[in-house]
Structures are given as C-alpha cells and as structure tokens.
Amino acid sequence: SAGPIHQGAFYRFKYNIKDKLKFGQENLLEVTVSKMSADASVNNAERLADYWIFGGIFRPVYLEAFPTQHIAYTAIDAKANGAFSMKAHLVNPQPGQEVVGEIMNTAGKVVGTGRATVSKDTLVTLTTTVPNPLQWTAETPHLYTVNTYIKAGKKNLYLTSEKFGFRTIEIRQGDGIYLNGTKINDMGYHLDAWD
C-alpha cells in the first residue's frame, strides 16, 4: 500500500510512491475503490447531507515528479485592499535560500513581490501589498497569478504557479455577510445591484 486508506471521494489527497517505483522498468499502479467510506462522518456528509450516492473517483488522477527541494503547497490570503500573505510549505528546505512570490496581473505584469529567507523551518510566509487591485466577486471574477520560486542566489531551483483573487468576506454580527464591503442578501446577490 502507498499509504493509509483515504476516506471521502471529494477530498484531495496525495501519496508519495517513490519507494514503490522501479525505475527503468514497467510499473503497474492499482487503485481499490469502495462504494462507501469506512468513516461514518464522511458517509453522513456525502450520502445524507449532499445526497451523493455514487462510488468512484471524482478528481483527476495523475503522477507528479518533484525535485528533492520543492513547495508542497501554498495557502494564500489576499484581501480586497491589496494586502497579500502566502504561507509556502517547503520540502527539504536549505537555510540561506530564498522563496520569492511574484504576483502578476492578466497582462503578465508583475504588480507585487514577496520574499522570505529560508531557515530550517518548513514553513515561510511571504507578504506584500498590491495597490488598487481588481477585486474578485462572482460578477467580476478578476484573477491574478502568483509565481513562487525557490532560489539559490540568482538560480531558480523550483517554480509553482497558482491563481487567486483579492477579496474580503466579513460576517457582521446582527447585520449579515459582506463581500469586499458590500452586503450580500439572502439570495446571494449584492444589494446595490438590485436597489
């Protein structure tokens, strides 16, 4: 087995199968899929709450090859006012290297850059501010791209890209939900669009 049994058809997961592969030879990978989860809470969420009764694999399945040093995943917090923060989770970090995040608009122009020096920690946080960003809403889904590099001096060792939008969601007690400072009514529409 490549790892513990994964529970839930809609949850993303990964296995590191490096020790299972025979390099230079033909390899056979097999997946066993159960109709129901062994975890009762997953069954309750998928079957009873969402009425999803199908078995199978619902996400793309693919193999990825990574260098020894890479970014496992990122967590982005991009506020409507342009404040950008990203946590980059590193694999095999080397002290003294740098993680750089370049934010690009749809025209391919760099509009913000965050930097962090790598220590022995596997987590670094990059911050920057993008002036007057185009905000993300359902009606105007403006997206930016952040290209995140691991650098040793001027040499790029690894690159990953991710799309995101600048938005702020607030729950104001006794008042409602606000997206980028605009109240959303019960139907999910911005009130100013219908008033």
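Can you tell me which of (1) surrounded by 16 or more Cβ atoms within 10 Å (Cβ to Cβ); (2) assigned to a loop (DSSP other than H, G, I, E, B) is the one Gly108 doesn't meet? With (1) surrounded by 16 or more Cβ atoms within 10 Å (Cβ to Cβ); (2) assigned to a loop (DSSP other than H, G, I, E, B) applied to Gly108, the lone miss is (1). Being more than 19 Å from Gly153 (Cα to Cα) and free of Cβ contacts under 8 Å to residues at least 60 places away in the same chain is a property that Gln94 lacks. For region 32-45, the condition of being open to solvent by 90 Å² or more (accessible area, probe 1.4 Å), assigned to a loop (DSSP other than H, G, I, E, B) and aliphatic (A, V, I, L, M) holds for at least one residue. Filtered by the rule that a residue be touching a residue at least 12 places away in the same chain (Cβ under 8 Å), assigned to a loop (DSSP other than H, G, I, E, B) and either surrounded by fewer than 10 Cβ atoms within 10 Å (Cβ to Cβ) or not polar (S, T, N, Q) (or both), region 15-25 gives Tyr15, Ile17. Screening Gly3, Gly56 for residues that are open to solvent by less than 100 Å² (accessible area, probe 1.4 Å), modelled with pLDDT of 85 or more and under 25 Å from the mean Cα position of the chain (by Cα) leaves exactly one candidate, Gly3. Close Cβ contacts (under 8 Å, 6 or more residues apart or on different chains) running from residues in region 126-150 that are surrounded by 12 or more Cβ atoms within 10 Å (Cβ to Cβ) to residues that are hydroxyl-bearing (Ser, Thr, Tyr) and part of a loop (DSSP other than H, G, I, E, B) comprise Leu134/Thr140; His142/Thr106; Leu143/Thr106; Tyr144/Thr106. Condition (residue is more than 20 Å from Leu159 (Cβ to Cβ), part of a loop (DSSP other than H, G, I, E, B), modelled with pLDDT under 90 and open to solvent by 90 Å² or more (accessible area, probe 1.4 Å)) applied to region 60-70: is it met by at least one residue? Yes, some residue in region 60-70 is more than 20 Å from Leu159 (Cβ to Cβ), part of a loop (DSSP other than H, G, I, E, B), modelled with pLDDT under 90 and open to solvent by 90 Å² or more (accessible area, probe 1.4 Å).
Screening Ala83 against (1) open to solvent by 80 Å² or more (accessible area, probe 1.4 Å); (2) without any contact (Cβ under 8 Å) to a residue 60 or more places away in the chain leaves a single unmet condition, (1).
The values are calculated or read from the model by the stated rules, or taken from the named source; none is laboratory data. Everything numeric in this text was worked out from a predicted model, so none of it was measured. Methodologically, a virtual Cβ is constructed for each residue, glycine included, from the backbone with ideal geometry; neighbour enumeration extends over all protein chains shown. Surface accessibility is based on the protein's heavy atoms, side chains included, excluding ligands, DNA and RNA. Shrake-Rupley method; radii C 1.70, N 1.55, O 1.52, S 1.80 Å.
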